[in-house]
Amino acid sequence: MANITDRAAYLRGLAEGMKLDREDNQQRLLLEMLDLMDEMAHQLADANAELAELQEYVEDIDTDLTDMEEILFGDDDCDCEDCMGDYDEDDEDDDQELSFDCPNCGKTVLLRASDIESEEDIVCKHCKTPFFADVEDDEE
């Protein structure tokens, strides 16, 4: 982006070298156009700097999320004792209670994992509205 700001500065230097007069209508138009180009170049440079900062921030978030996924879900390709521990899929507790905030009333509701996986509609105990919105697959 420095190229645009450099070119705007070069044009400004040319205009100053020509000793353009703001009193002459045609010359004033050129000077106003140069002012506008200079301002646009600086605003574009600022926007690009902010975009670069935002991209770096998003990359940091992506890295953190990847690290969290690895911690929470582990490495699926690894079968070593350290990663697997004493985990056995048959021992998975389907009656484990999980807490969710109702999207309608905002109150916390305890649900069993087996209830969530079932095809039945789960209704909030407080506001009696369906807890999870039905998501239909688009079939073409």
Residue satisfying all of: in segment 23-42; charged (D, E, K, R) and surrounded by 11 or more Cβ atoms within 10 Å (Cβ to Cβ); nearest to the chain's Cα centre (by Cα) among these: Glu39
Residue count, segment 96-122 (criterion: over 28 Å from the mean Cα position of the chain (by Cα) and open to solvent by 70 Å² or more (accessible area, probe 1.4 Å)): 8
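The values are calculated or read from the model by the stated rules, or taken from the named source; none is laboratory data. What you are looking at is a predicted structure, and each value in this text was computed from that prediction instead of being measured. A quick note on method: Cβ atoms are made from the backbone with ideal geometry, for glycine too, and the neighbour counts reach across all protein chains shown. Areas reflect the complete protein model, heavy atoms only, side chains present, ligands, DNA and RNA absent. Shrake-Rupley method; radii C 1.70, N 1.55, O 1.52, S 1.80 Å.
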